[in-house]
Amino acid sequence: MMEPFCVILKRALASEHPLHQILKYHCRDITIPNSLGTPKLIDEGKFVDQLFAFGNNGTARLLKDGYQVARWKVTDFRGEIKVRG
């Protein structure tokens, strides 16, 4: 969820901008591991496929289902704890 903000940060904000100064630490080393590392984990025959019983197909389903409910609201840890009570 952070990658779009990191792309905007690098493309649109000057390095002197206050938001750039705040967000640059959150965006450090996020794009490359997510774009190169994820396929190494979830592709057919890779780590998750070998290590877990649900394999590659289960991982794809888990990611697809998780993406459907991924909203900024669910990133509120304290709020989610209260809701789940």
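Key figures
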| quantity | calculated |
| --- | --- |
| Inter-label distance for Q50 and Q68, nm, one decimal - labels placed 7 Å from Cα along Cα-to-Cβ | 3.1 |
| Backbone HN-Hα couplings from phi across the stretch 25-30 [Karplus 6.51/-1.76/1.60, Hz, Gly and Pro as x] | 6, 6, 9, 4, 6, 9 |
| Summed residue charge, Cβ within 15 Å of G79's Cβ, Lys/Arg positive, Asp/Glu negative | +3 |
| Trypsin sites (Lys or Arg not before Pro) within the stretch 1-80, DSSP loop, no more than 10 other Cβ atoms inside 10 Å | R28, R71 |
| Cα-centred dipole magnitude for the chain, charges only on beta-carbon of K, R (+1) and D, E (-1), debye, nearest 20 | 280 |
| Relative compactness, the chain, computed as alpha-carbon Rg over 2.2 N^0.38 Å | 1.42 |
| Residue-count net charge about H17 - beta-carbon cut-off 13 Å; Lys, Arg +1, Asp, Glu -1 | +2 |
| Chymotrypsin sites (Phe, Trp or Tyr not before Pro) restricted to the stretch 44-76 and DSSP loop, no more than 15 other C-beta within 10 Å | F52, F54 |
| Nearest-0.05 FRET efficiency for F77 and N57, computed from C-beta distance (R0 30 Å) | 0.50 |
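Rule-based calculations on the coordinates, nothing more; no lab input. Given the structure is predicted, the values throughout are model-derived calculations rather than measurements. When we count neighbours, we look across all protein chains shown, and the Cβ atoms used for this are built from the backbone with ideal geometry, even at glycine.
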